[in-house]
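Notes for the one structure printed next.
Bear in mind these aren't lab numbers, they're just calculated from the coordinates by the rules spelled out. For clarity, every value in this text was computed on a predicted model and none was experimentally measured. Here the Cβ positions follow ideal geometry from the backbone for every residue, glycine too, while neighbour counts run over all protein chains shown.
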Amino acid sequence: MPAFSVRTPLLTLICISVALCATGCSSSSTPSNAPEDTKTSKTPAVSPGESARPFVELPATIIAENLDTPAGLAIQPVTGDIFVATVQGIVRLDADDNFAAHPEIIGFPKDMYGAGPTYNFGPLGLGFLDESTLVVGGGGASDGEDVIRFFTVGNAPLPEPMNADSALHSVGPIAEGEQSHRGEGNYFGLHIHDGTVFVTSHGDDTQGWVSRIKVIDQKPEGLEPFLPSKTFTDTDGPSGIAFLPDGSMLVSQTGELHERPDSVLAVVDLSTGEFVRKIETGLFDVTKIVVHPSSQKLFALDFAWATPGEGGLFTLDIDSDEKAAVVTKHAALVHPAAIAITDSGELIVACVGHQDENPKPQGTIHRISLE
């Protein structure tokens, strides 16, 4: 298996304030642009427990802030615009130095997740099937009721946001039944590979399903449970999906939301649908993973639910038959939840931020350069 290590660039921000009416968003929602260019984000000190772990700091800038629980990211082909899944819906950030925010899709159901802290959320995983088809993983409905929606989006922001009910296709749900005793929902990790949409979900915790949608002639087939990740890893919470250069699928498992670092990776032979390897990460709550197309380095985000000071951006080297990855930290981030890669090779990271008594949304979007 090829080498996977990480060299990470960090994050960029610009203030964004998106006003959403009770009946929807108005095109008059005005982002608050940062002064001149960008603000450099300050990386918190490394915690004492990480003293033995390599730390190679990467420069990060914040390109957007004041977002409410940004949990999903996708970069539109051709335009380079950044689509962000938030509680209020899908927000579009212009791919220029201003990163102006535009409400693109609203009207998704909302739900709550977690305990200490607890987060409100709506849509979750995002991905582009092609330059005009955005796939959105639902998270706001009850288990057994969430669906995957396909939307047609243009190369420019809409004058008024569309409603979630106007989806081109709605696939699912996976209801309570023989395969899932509770029904599935919270489609958080979404990855499109060779015309198939793969999604992680929560519901039947005894299985830990990774599900899939086959797309034939631009038309999605049904949503079906595919890989029971919990049965192989004995670890809860499938979270992120990536593909290795040899064609294997990599699935991250968040584990329990406590102070013990129990996240693992599972390697899957997609041709047979069989799990072939389990890898310890030494991280607390891995949310998303991505393989950089140029360097082939494997990046991971650790949400570190109960211990946010431990979280951040990491590289995982799994270039051996060892049972544990070699981990390098590159940025200390507060509850990172999503990651995407631009055409120029930069990393875009969405962070939920602290959940405290401050009513102001704490979510931020960071740009990380690998140069």
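Computed FRET efficiency, Cβ-Cβ of Arg53 and Met112, R0 45 Å: what is it to the nearest 0.05?
E(calc), rounded to 0.05, equals 0.85.
Restricting attention to the range 295-371, which trypsin sites (Lys or Arg not before Pro) occupy a DSSP loop and are surrounded by at most 16 other Cβ atoms within 10 Å?
Lys323
For the residue pair Lys278 and Ala156, what label-to-label distance in nm results when each label sits 7 Å from Cα along the Cα-to-beta-carbon direction?
The answer from the label model is 5.4 nm.
I'd like the chymotrypsin sites (Phe, Trp or Tyr not before Pro) in the range 156-204 restricted to DSSP loop residues with at most 15 other Cβ atoms within 10 Å, sorted by number.
Working: sites: Tyr187, Phe188, Phe198; in loops: Tyr187, Phe188.
Loop-located and lightly packed - none at all.
How big is the convex hull of the Cα atoms of the range 12-368, per residue, in Å³?
Taking only Cα atoms, the range 12-368 has a hull volume of 130 Å³ per residue.
Counting just the Cα atoms, what span does the range 107-263 cover along each of its three principal axes? Round to the nearest Å and put the largest first.
Extents along the principal axes, in whole Å: 47, 38, 30.
Using 17 Å as the cut-off for backbone N distance, which residues of the range 94-115 belong to the label zone defined by a point 7 Å from the Cα of Ser142 along Cα→Cβ?
109-113
Taking θ as phi - 60°, what are the ³J(HN,Hα) couplings along the range 68-83 by the Karplus curve (6.51, -1.76, 1.60), each to the nearest whole Hz, with x for Gly and Pro?
In residue order, the calculated couplings are 9, 6, x, 10, x, 9, 8, 10, 6, x, 6, 6, x, 4, 9, 9 Hz.
Ile216 versus His193, label points 7 Å from Cα toward the beta carbon: distance in nm?
With each label placed 7 Å out from Cα toward Cβ, I get 2.2 nm.
What is the set of long-range amide H partners of Asp81 at a cut-off below 5 Å, with H atoms built 1.01 Å from backbone N?
Gln76, Ala95
Starting from the amide H of Phe226, placed 1.01 Å from N in the peptide plane, find each other amide H under 5 Å away whose residue is 5 or more places distant or on another chain.
Hits under the 5 Å cutoff: Val210, Ser211, Arg212.
Which ³J(HN,Hα) values, rounded to whole Hz and listed in residue order, are derived for the range 263-277 from phi using the Karplus coefficients 6.51, -1.76 and 1.60 in 6.51 cos²θ - 1.76 cosθ + 1.60 with θ = phi - 60°, glycine and proline given as x?
5, 9, 10, 10, 9, 10, 7, 5, 5, 10, x, 9, 7, 10, 6
For the range 179-235, what is the per residue volume of the convex hull drawn over the alpha-carbon atoms, in cubic angstrom?
80 Å³
Under the rule of at least 5 residues apart or a separate chain, name every residue whose amide H is placed under 5 Å from the amide H of Glu104.
For Glu104, the qualifying residues are Ile90, Val91, Arg92.
Along the range 335-345, what does the Karplus equation 6.51 cos²θ - 1.76 cosθ + 1.60 (θ = phi - 60°) give for ³J(HN,Hα), rounded to whole Hz, x for Gly and Pro?
For the range 335-345, the Karplus-derived couplings read 6, x, 10, 8, 9, 8, 10, 7, 4, 7, x Hz, x marking Gly and Pro.
Can you pull the one-decimal nm distance between simple spin-label points at Asp269 and Glu178, each 7 Å off the Cα toward Cβ?
For the pair Asp269/Glu178, the computed spacing is 2.6 nm.
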